Amino acid sequence: MKFFVKLSYLIIFFLLFSCSKKEEKNSILKEKNLETQMIETYNQAMKEFERGDVIFAGKKFSEAELLFPQSVWAPRAVLMSAYGYFSQGYYSNAINDLERFIVKYKNHKNSDYAYYLLALCHYDQIIDEKKDLYEILQSKKYFNYVIKNYPNSDYAIDSKYKLELIIEIMASKEMYLARYYIQREKWIPAINRYKVVINDYEETIYVEEALFRLVELHFKLGLDNEARKYASLLGYNYQSSEWYEASYKILNKDYEKRKINSKNEKKTIIKKFKQLFE
């Protein structure tokens with residue numbers, strides 16, 4: 001009797017072991033099939049991308065990712081989808097893909113590219129200084145992120161260049177707003193905008209004009225000392241510029257008169273010099 005009991009246990013054990021092996025084999029085969037399906041879908045997406053149908057390609061890339069999210073191909077599919085949308089100007093779709101990539105594949109080796117492409121999506125939507133600041137600020141944020149976190153990457157070099165252009169655009173916006181206030185004779189808001197330019201964007205091409213406008217506006221308001229302060233700053237940094245000469249004219253009413261007299265004196269000296277050889 002005991003023999004039959006032991007034999008029964010052995011049979012059950014072998015049956016269970018056999019089933020678990022079969023299940024494990026089926027699981028591996030199923031996983032391999034999923035990866036194969038995913039690669040096939042990915043390749044279909046690449047063909048559509050090369051043909052220029054980025055919308056359909058994006059859908060196929062998303063399908064490939066969903067088929068086997070654990071595969072090394074999954075994050076590649078997201079990036080390819082984002083790049084396809086970006087290349088054809090579908091920025092919202094590209095941004096959605098990239099933001100999802102950053103959250104889902106946080107430590108991926110291509111994260112530097114994802115942040116760089118995200119910055120470009122916003123950068124390419126900048127029209128001019130008169131438009132909403134949102135795209136300017138978003139692109140600035142992501143270019144700064146690339147420079148700070150991936151300083152040795154190729155993307156950091158271009159990010160620095162793009163950031164310089166963004167700073168110029170932001171300074172240009174302040175100048176535009178200042179002119180807007182001047183047209184409406186709102187002198188104090190205009191002064192504040194020009195101060196932002198010289199304080200926050202001191203390396204841009206707009207600093208000289210901003211200093212001159214501060215001389216002009218303060219003089220207009222009867223604040224001579226303030227006007228002379230900004231004129232001195234302009235002269236110290238840009239003494240040979242036209243803006244400095246313009247500010248000098250404002251603060252020296254007899255400038256033109258002395259300039260004409262100086263020219264007449266020069267002509268007289270030349271005339272006397274010529275007489276020596278007659």
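The values are calculated or read from the model by the stated rules, or taken from the named source; none is laboratory data. Keep in mind it's a predicted model, so treat the numbers as computed, not measured. Cβ placement follows ideal geometry from the backbone for every residue including glycine, while neighbour counts extend to all protein chains displayed.
Every residue in the range 31-78 that is surrounded by 14 or more Cβ atoms within 10 Å (Cβ to Cβ) and of a type in the set (Gly, Ala, Ser), please.
Hits for the range 31-78 are 45, 57, 58, 62, 64, 71, 74, 77.
Read through the list (1) β-branched (Val, Ile, Thr); (2) outside any loop (DSSP other than H, G, I, E, B); (3) surrounded by 16 or more Cβ atoms within 10 Å (Cβ to Cβ); (4) at pLDDT 90 or above, then give the number of the only condition that residue 204 fails.
Among (1) β-branched (Val, Ile, Thr); (2) outside any loop (DSSP other than H, G, I, E, B); (3) surrounded by 16 or more Cβ atoms within 10 Å (Cβ to Cβ); (4) at pLDDT 90 or above, the lone unmet condition for residue 204 is (2).
Table: residues versus (1) crowded, with 18+ Cβ neighbours inside 10 Å; (2) hydroxyl-bearing (Ser, Thr, Tyr); (3) within 30 Å of residue 124 (Cβ to Cβ); (4) modelled with pLDDT under 90.
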residue	(1), (2), (3), (4)
179	no, no, yes, no
195	no, no, no, no
217	yes, no, no, no
223	no, no, no, no
245	no, no, no, yes
256	no, no, no, yes
260	no, no, no, yes
266	no, no, no, yes
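Please give the number of the condition residue 81 fails out of (1) modelled with pLDDT of 80 or more; (2) surrounded by fewer than 19 Cβ atoms within 10 Å (Cβ to Cβ); (3) of a type outside the set (Asp, Glu).
In the conditions (1) modelled with pLDDT of 80 or more; (2) surrounded by fewer than 19 Cβ atoms within 10 Å (Cβ to Cβ); (3) of a type outside the set (Asp, Glu), residue 81 misses (2) alone.
Return yes when residue 112 is under 18 Å from residue 56 (Cα atoms), in a helix (DSSP H, G or I) and among the acidic types (Asp, Glu) and no when it is not.
For residue 112, the condition - under 18 Å from residue 56 (Cα atoms), in a helix (DSSP H, G or I) and among the acidic types (Asp, Glu) - is not met.
With respect to residue 230, determine if the residue is modelled with pLDDT of 95 or more, crowded, with 20+ Cβ neighbours inside 10 Å and more than 24 Å from residue 123 (Cα to Cα).
For residue 230, the condition - modelled with pLDDT of 95 or more, crowded, with 20+ Cβ neighbours inside 10 Å and more than 24 Å from residue 123 (Cα to Cα) - is not met.
Please list, ordered by first then second residue, the pairs with beta carbon atoms under 6 Å, 6 or more apart or interchain, first in the range 47-60 and without any contact (Cβ under 8 Å) to a residue 40 or more places away in the chain, second outside any helix (DSSP H, G or I) and polar (S, T, N, Q).
Taking only residues 6 or more apart or on different chains, the pairs are 54/88.
Which one is farthest from residue 135 (Cα to Cα) among residues in the range 74-109 that are outside any helix (DSSP H, G or I) and either within 19 Å of the chain's Cα centre (by Cα) or touching a residue at least 60 places away in the same chain (Cβ under 8 Å) (or both)?
So the residue we want is 88.
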